[in-house]
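Take a look at the structure set out below.
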Amino acid sequence: MKQNHKGGWIPLIIGGITAGTAIYQAIKHARHLAAEEAEKKRHNEEMEKIARSKNTTSISIGSGLKKKKKTKSNRYQLQTLKD
């Protein structure tokens, strides 16, 4: 009797490579999450240290984009645009 073999060693090799890749990706992801958590912890400790310090003027809150203050010339331009 002749046995009918399909595939041979190739599916085993491909399956091993796939499993190895999955394990590698899982380890890489876990390391990334650990590094991200450590960075968050460091950042929060630094912000708390700044907040606890007596010199809180070093933090500039709200220093981002600012609206232009309305002046007489701006009001006139806005009125002419509305009309």
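Readers should treat all values here as calculations from the given coordinates under stated rules, not as data from a laboratory. Given the structure is predicted, the values throughout are model-derived calculations rather than measurements. All Cβ positions, glycine included, derive from the backbone under ideal geometry; neighbour counts span all protein chains shown.
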Between 13, 35, 51, whose Cα lies farthest towards the positive end of the dipole of the stretch 9-56 when Lys and Arg beta carbons carry +1 and Asp and Glu beta carbons carry -1, centred on the Cα centre? 51
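How large is the dipole of the stretch 9-56 about the Cα centre if only Lys and Arg carry +1 and Asp and Glu carry -1, each at its Cβ, rounded to the nearest 20 debye?
Details: 8 positive and 6 negative charges, 36 e Å.
Computed about the Cα centre, the dipole is about 180 debye.
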